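FYI, it's all coordinate maths here, none of it is from the lab. Quantities reported herein were computed from a predicted structural model and do not represent experimental measurements. Positions of Cβ are generated from backbone atoms using ideal geometry, with glycine treated the same way; all protein chains shown enter the neighbour counts.
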Amino acid sequence: MELIPHLKKGKRTLSEFMARELLYDFATQNLDPQRKQAVQEAIENHPNLGKELDDILYGITYCKHLSQTRTKDEMYQKMLNDPFTFRDAKKSLNVRNWNAAYQWVAETLFVSFVFVIIVLFVPWQKWVYKIIDAKKSDISLTEMKKEKAFRSVEEENKIAIKNHIEEPNIDRKYHLKVANPNYTINKFQTIINKMGASLVDTGTANQPLNQIDNSENNDGKDEKNDISKEKIFVVSVPQNKLDPLINELKTHGEFSVINMLNNGRSQGDLAEPKPILTIQIVIGKMRVNGQAK
Amino acid sequence: MTKNESLTQPFNKMVLYFYLASLNEKQSVENAMKASVLFQKRQKDEKNKFDEEVALIQICNLLFNESSQSINQKQLTILNASIFSWPDHLDLTPWREFQKRSSAQERLAVLWVHVLEISIEKLATSLNLSEGTIRYRLGKGLALLGQLNRPNWGVI
């Protein structure tokens with residue numbers, strides 16, 4: 001390529017900047033003759049370019065000298081025989097050679113693992129208790145024994161019978177209508193004794209029924225029917241003697257169970273108030289003044 | 001010392017490249033071994049299309065970029081590496097100084113073209129750069145290297 005002369009001198013000169021850019025090619029002799037001459041003229045005109053050219057040449061010479069370096073044969077063989085994969089794997093296991101993100105992940109996992117191990121296997125409870133003991137506070141654990149709420153039927157009956165015996169429950173009343181108003185309880189007492197029962201109140205045993213005033217024993221609910229003439233006797237009898245006693249009483253008169261809704265009075269009784277004998281039969285023994293009878 | 005055939009072997013070039021690029025003997029050997037594995041693998045994959053110099057430049061450049069972040073200036077070897085047979089009367093002091101004061105682009109360009117004797121065309125093709133860019137870097141790098149080498153060149 002030919003330089004285009006546009007100056008009056010007819011020749012275009014190369015600037016220092018442009019010459020500097022072409023110094024390497026000039027040193028390696030890669031310029032065409034015209035550029036080579038232009039660069040050479042620029043070097044003559046600018047001493048700095050000559051200095052830089054010398055530097056480039058020195059550098060090229062040094063590199064040529066350096067390129068004569070060889071690898072030692074024994075070292076070369078050693079490196080070839082070295083288990084490269086093992087070394088590479090060994091190096092890859094080194095966390096410091098990992099990427100920063102992978103290092104962070106590995107460190108986080110390691111710390112988490114250590115924390116979990118500490119939480120699971122360190123006996124924290126013992127230390128907590130030691131601290132509590134150090135404060136002199138006692139913790140006692142007691143086993144509360146609950147009573148058996150469920151009992152068998154047999155047990156329930158035994159308990160009920162026992163309670164009846166120790167604390168009788170007066171819950172049965174029978175009416176005995178005797179035909180003879182002169183019926184005395186003395187006769188009744190003989191039967192009772194024979195049955196193994198006992199008459200609690202024997203104060204009026206010898207008196208005829210129509211002469212006994214037992215009004216204080218009544219609750220006074222039905223005054224119209226002259227309840228004051230109703231005679232009430234309390235008899236205590238064992239459970240096994242109850243039925244025989246009732247059967248015996250039935251032979252003495254009209255025997256019936258009291259209907260507790262109207263105080264045991266039937267319509268017939270209300271219409272015809274007659275002296276009747278009310279027997280309260282107590283199953284078991286009745287306590288009177290603290291003594292069982 | 002005349003040109004030895006061993007220099008043409010890729011592995012020798014790899015080791016020298018990594019050593020002169022980082023001045024770390026241990027890391028240079030490791031990188032060279034990695035590069036040799038990648039080189040052989042690429043040779044198998046590309047077969048007929050395989051270009052030795054292009055593959056060499058690309059593989060070494062890749063590994064150097066990966067390991068360049070971990071280069072510690074304090075770990076630079078002061079003495080010449082024992083794995084090489086150095087030419088007589090060669091002093092690495094200018095090169096060490098050159099490594100400190102030059103950019104990686106200029107240094108590697110000088111290393112590839114004038115030390116490892118790779119052509120500018122191959123280097124430009126491998127790095128996907130223009131030849132003018134390579135020449136520019138070479139001019140800058142060699143000028144600096146020559147300047148550092150000027151007073152003590154060739155003296156042990």
Exercise. Which distance in nm do the two modelled labels at A:Gln103 and B:Ala104 give, with both placed 7 Å along the Cα-to-Cβ direction?
Worked result: 1.7 nm
Exercise. Averaged over peptide A:25-35, how many Cβ atoms belonging to another chain are found within 10 Å of each residue's Cβ?
Worked result: 2
Problem set entry | Inter-chain shielding of B:133-143 (mean C-beta neighbours from other protein chains, 10 Å cut-off) | 6
For this session: Express in nm, to one decimal, how much length is gained between B:Lys26 and B:Thr93 on full extension, taking 0.36 nm for each residue of separation and deducting their alpha carbon distance.
Result: 22.2 nm
For this session: Mind ranking B:129-139, B:20-30 by how tightly packed they are, going by the mean number of other C-beta atoms within 10 angstrom, highest first?
Result: B:20-30, B:129-139
For this session: Calculate, for B:Glu46 and B:Thr133, the FRET efficiency according to 1/(1 + (r/R0)^6) with r their C-beta to C-beta distance and R0 25 Å; round to the nearest 0.05.
Result: 0.45
Seminar exercise, completed: Note, B:Phe39: beta-carbon cut-off 12 Å, +1 each Lys/Arg, -1 each Asp/Glu, net 0
Problem set entry | Over 26 Å between alpha carbons, listed pairs B:Lys26/B:Lys47; B:Lys13/B:Lys41; B:Lys13/B:Lys44; A:Lys64/B:Lys41; A:Lys51/B:Lys26; B:Lys34/B:Lys122 | B:Lys26/B:Lys47; A:Lys64/B:Lys41; A:Lys51/B:Lys26
